[in-house]
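Read the figures in this text as sums done on the coordinates, not as results from a lab. Note that this is a predicted model, so its numbers are computed, not measured. Heads up, the Cβs are rebuilt from the backbone with ideal geometry, glycines too, and the neighbour counts pull from every protein chain shown.
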Amino acid sequence: MKRIIALITLVALVVVFCGSADAQILWRGAKTMKQGSFIAMGEWYYINYTKQWNTTDEKWDDLASGVSSSKWGFETMFGYAITNDWEAHLHVPIKFWKSESGGVENSESGLGDICFKTRYAVMPWAKDTHGLTLTGHIRLGTGDKNKGLGDETTDFGISAIFSTAWMGKSRGHLKANYWINGENDDNFKPGNELKVILKYDYNYSPKLMPFVTFIPYMVAEKENDGNAVTDSDKTRYTFVLGGVFKPQKGIFVRPKIAFALGGKTGNNYSFKPVLDLWYIF
C-alpha cells in the first residue's frame with residue numbers, strides 16, 4: 001500500500017507541475033536495482049533564456065528588448081528491475097514554453113516525445129568494484145511539432161554509463177549517449193545528438209552527497225529534403241553543482257543548479273535551477 005501511495009503522489013506532482021524536458025537517458029549511475037524493484041522519478045526545472053547566438057560575429061548577444069523566451073518543466077520516469085542486472089523504463093515528458101516578441105505572447109503545453117529505455121549491467125557495480133551499464137532506447141514522435149512540443153520523428157539511441165568503485169569518500173562517473181534521429185513527414189531530419197557527462201561524487205555523510213558535473217553536448221546539422229540547414233549545428237557546455245539528500249531509505253532528493261559555459265547556435269541561459277525526486281521501492 002505504501003508503494004502505491006508513493007507512486008500516486010509522484011504522478012500527482014507531475015500533473016501539478018507539468019513542464020518540458022527531454023528524456024534524461026543518463027539519469028543514475030551504473031548500479032542497477034534488485035530484481036522486482038520499482039523506481040519513480042521526477043525532475044522539475046526552470047529556464048529563462050537570456051542570450052542568442054550571433055551567426056555573423058559568432059558570439060552570444062543579449063536578447064533584444066521586448067523579446068523573451070522561457071520554459072519550465074517536469075520530466076518523469078518509471079522503471080522496473082526485471083533481474084538484478086536488467087531494467088526497463090518509461091519516460092513521459094509534458095512540455096510547456098512561453099515566448100514574447102513585439103508585444104505578442106505565445107505559449108504551448110502538452111505531451112512531449114515518449115521514450116522507452118532498457119538498461120543492462122555488463123559489469124555489475126558494487127562499492128568495491130567498478131561498474132559498466134549499457135542502455136538502448138527508442139523515442140517516439142508523440143510531441144506536436146506545430147506547437148513546438150516535439151519533431152514527430154522516431155529516434156534510436158545507445159548509451160554507456162561507467163561508475164568507479166568508492167575510493168574512500170570519492171566516486172567518479174563517465175557517461176555517454178548518442179541519438180540517431182529520424183525524419184518526419186515533412187522530410188525534415190533533426191541532427192544526431194551526442195552528450196557526455198563527467199561527474200564526481202563526494203560521500204560527505206550517509207544522508208548527504210554533494211557532486212559536480214561537466215556536460216558537453218553536440219547536435220549535428222539538421223536536414224530539410226536531404227539538404228543541410230545552414231547554421232543549425234549546435235554545441236553546449238554546462239557545469240552543474242548539486243547534492244543528494246536521503247531523508248529515509250529509498251527516497252532521494254537532488255537539488256542542483258546548472259551554469260551555461262558557452263557553445264553556439266540558438267538561445268542560451270545563464271543558470272538553471274533543478275530539483276530531482278527519486279523513489280526506489
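So which chymotrypsin sites (Phe, Trp or Tyr not before Pro) in the range 147-239 pass both tests, a DSSP loop state and at most 15 other Cβ atoms within 10 Å of the Cβ?
Listed in order of number, the matching sites are Trp166, Tyr204.
In the range 174-213, whose amide N lies under 12 Å from the spot 7 Å out along Cα-to-Cβ of Met123? List them in ranges.
Those under the cut-off are 174.
With 10 Å bins from zero, work out the P(r) of the range 160-218 over every alpha carbon pair and list the percent per bin.
P(r) for the range 160-218, in whole percents per bin: 20, 35, 22, 14, 8, 1.
Connecting C-alpha atoms closer than 10 Å in a GNM of the chain, tell me which of Gln52, Gln24, Gln248 has the biggest fluctuation.
Gln248
Quote to one decimal, in nm, the extra length available between Asp185 and Asn146 on full extension: 0.36 nm per residue of separation minus the C-alpha distance between them.
Full extension from Asp185 to Asn146 adds 12.8 nm.
Can you work out the Karplus-derived ³J(HN,Hα) for every residue in the range 241-258? Use 6.51 cos²θ - 1.76 cosθ + 1.60 with θ = phi - 60°, whole Hz, and x for glycine or proline.
Computed from phi, the couplings for the range 241-258 are 10, x, x, 10, 10, 10, x, 7, 4, x, 10, 10, 10, 10, x, 7, 9, 9 Hz.
Of Lys34, Lys234, Lys169, which is the most mobile in a GNM of the chain whose springs link Cα atoms less than 10 angstrom apart?
Lys169
Say a paramagnetic label sat at a point 7 Å from the Cα of Phe214, along Cα to Cβ; which residues of the range 230-258 have their backbone N under 15 Å from it?
236-241
Looking at the calculated P(r) for the range 158-257, what percent of the C-alpha pair distances fall above 17 Å?
Of the Cα pairs, 64 percent sit more than 17 Å apart.
Connecting C-alpha atoms closer than 10 Å in a GNM of the chain, tell me which of Glu58, Glu193, Glu223 has the biggest fluctuation.
Between Glu58, Glu193, Glu223, it is Glu58 that shows the largest mean-square fluctuation.
Give me the one-decimal nm value for the distance between modelled label points at Tyr178 and Val104, 7 Å along each residue's Cα-to-Cβ direction.
The answer from the label model is 4.2 nm.
May I ask for the percentage of alpha-carbon pairs in the range 2-280 that lie more than 24 Å from each other?
Tail of the P(r) past 24 Å holds 53 percent of the pairs.
Report the gain in length on full extension from Asp57 to Gln35: 0.36 nm times residue separation, minus Cα-Cα distance, nm rounded to one decimal.
Result for the pair: 2.5 nm of gain on full extension.
With N set to the residue count of the range 82-233, report its C-alpha Rg divided by 2.2 N^0.38 Å to two decimal places.
1.29
Starting from the amide H of Val229, placed 1.01 Å from N in the peptide plane, find each other amide H under 5 Å away whose residue is 5 or more places distant or on another chain.
Lys222, Glu223, Asn224
Using alpha carbons only, how many degrees (0 to 90, rounded to 10) separate the axis of helix 2-17 from the longest principal axis of the chain?
With both axes taken from Cα atoms, the answer is about 10 degrees.
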